[in-house]
Amino acid sequence: MRDEPVLEAVVLAAGSARRFGGGKLTAPWGDGVLLDGALAAALAAPVRAVTVVTGADAPAVEAAARAYAARSGQGDRLRIVHAADHAEGMAASLRAGIASLPGDADGVFVFLGDMPRIPHAVLAPLAARMAEGHAAAVPLFEGRRGHPAVFARALFPDLAALSGDQGARKVLEKMGPAQVETPDDGVLFDVDEVSDLT
């Protein structure tokens, strides 16, 4: 591995948001839409590029992602991948994101599109755990594991083998990731229902 690992980011943005009533990631949030928060964090991470995985509402989600990246002057760092089998659940989106990564990527941050308050201060320490040789790292708020997680290339096959509506939790539970304490509960906050937007 190089002294400074080459990291990528994947933003999972393919869900149908049934509990929300659809259109969750393009719902108003702050001065933009909900997806903007996750994209802001992903683009602030020490990564080469950010891949947004679309599924349900793909045209709207892609348009929102491209608009945010353009507004922030980082359109050249954005890639869009569509998970054709997104209806299977989160694992399908994760597989599509992992499969799309360049062959020289040493690791990947995995962000969830409905988590708009990820603290940017936790991103460099998570990347540092990769540089130290850890296979995975997660933020911890008051003893609770949060997002985003970062995974070394050695775990890509495990992530690619997931199925159903499970994210990477199964992989993390099996191997015990390095942890980065944070005082910000944004690593836990996600939007499931319309009431969560207020």
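The values are calculated or read from the model by the stated rules, or taken from the named source; none is laboratory data. Just so you know, these numbers come straight off a predicted model, no measurement behind them. Note: ideal-geometry Cβ built from the backbone for every residue, glycine included; neighbour counts use all protein chains shown. Heavy atoms of the whole protein, side chains included, go into the accessibility calculation; ligands, DNA and RNA do not. Shrake-Rupley method; radii C 1.70, N 1.55, O 1.52, S 1.80 Å.
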Since Asp185 meets every condition but one in (1) at pLDDT 95 or above; (2) in contact with a strand residue (DSSP E or B) (Cβ under 7 Å, 6 or more places away or on another chain); (3) surrounded by 15 or more Cβ atoms within 10 Å (Cβ to Cβ); (4) within 23 Å of Gly30 (Cα to Cα), which condition does it not meet?
-> (3)
Could you list, in sequence order, all residues of the stretch 16-42 that are touching a Leu at 6+ places or on another chain (Cβ under 8 Å) and surrounded by fewer than 24 Cβ atoms within 10 Å (Cβ to Cβ)?
-> Ala17, Thr26, Ala27, Pro28, Trp29, Val33
Given the conditions (1) closer than 21 Å to Leu162 by Cβ; (2) buried (at least 22 other Cβ atoms within 10 Å of the Cβ), and given that Pro102 satisfies all but one, which numbered condition is not satisfied?
-> (2)
With the checklist (1) closer than 26 Å to Ala65 by Cα; (2) outside any strand (DSSP E or B); (3) not hydroxyl-bearing (Ser, Thr, Tyr) in hand, flag the one item Val150 doesn't pass.
-> (2)
By residue number, the members of the stretch 61-79 that are open to solvent by less than 50 Å² (accessible area, probe 1.4 Å) and among the charged types (D, E, K, R) are Arg77
Pick out, from the stretch 37-139, the strands (runs of 3 or more DSSP E) lying fully within it that include 3 or more residues that are β-branched (Val, Ile, Thr).
-> 50-54
Check Phe156 against each of (1) touching a residue at least 60 places away in the same chain (Cβ under 8 Å); (2) in contact with a helix residue (DSSP H, G or I) (Cβ under 8 Å, 6 or more places away or on another chain) and name the one condition it does not meet.
-> (1)
Among (1) within 23 Å of Ala154 (Cα to Cα); (2) within 15 Å of the chain's Cα centre (by Cα) - the single one Ala65 does not satisfy = (1)
Residue count for the stretch 80-89, restricted to those that are more than 21 Å from Leu7 (Cβ to Cβ) and open to solvent by 20 Å² or more (accessible area, probe 1.4 Å) | 6
If you take the residues of the stretch 132-147 that are open to solvent by 50 Å² or more (accessible area, probe 1.4 Å) and small (Gly, Ala, Ser), which of them is farthest from Ala42 (Cα to Cα)?
-> Gly143
Collect the residues in the stretch 91-124 that are under 15 Å from Val138 (Cβ atoms) and in contact with a strand residue (DSSP E or B) (Cβ under 6 Å, 6 or more places away or on another chain), keeping them in residue-number order.
-> Gly107, Val108, Phe109, Val110, Phe111, Leu112, Val122
Scanning the stretch 141-182 residue by residue, the ones that are touching a Gly at 6+ places or on another chain (Cβ under 7 Å), at pLDDT 95 or above and not basic (Lys, Arg) total 3
Are any of the residues in the stretch 148-163 surrounded by fewer than 20 Cβ atoms within 10 Å (Cβ to Cβ), more than 30 Å from Ala84 (Cβ to Cβ) and small (Gly, Ala, Ser)?
-> no
Restricted to the stretch 1-15 and to residues being surrounded by fewer than 18 Cβ atoms within 10 Å (Cβ to Cβ) and in contact with a helix residue (DSSP H, G or I) (Cβ under 8 Å, 6 or more places away or on another chain), the residue farthest from Leu126 (Cα to Cα) is Asp3
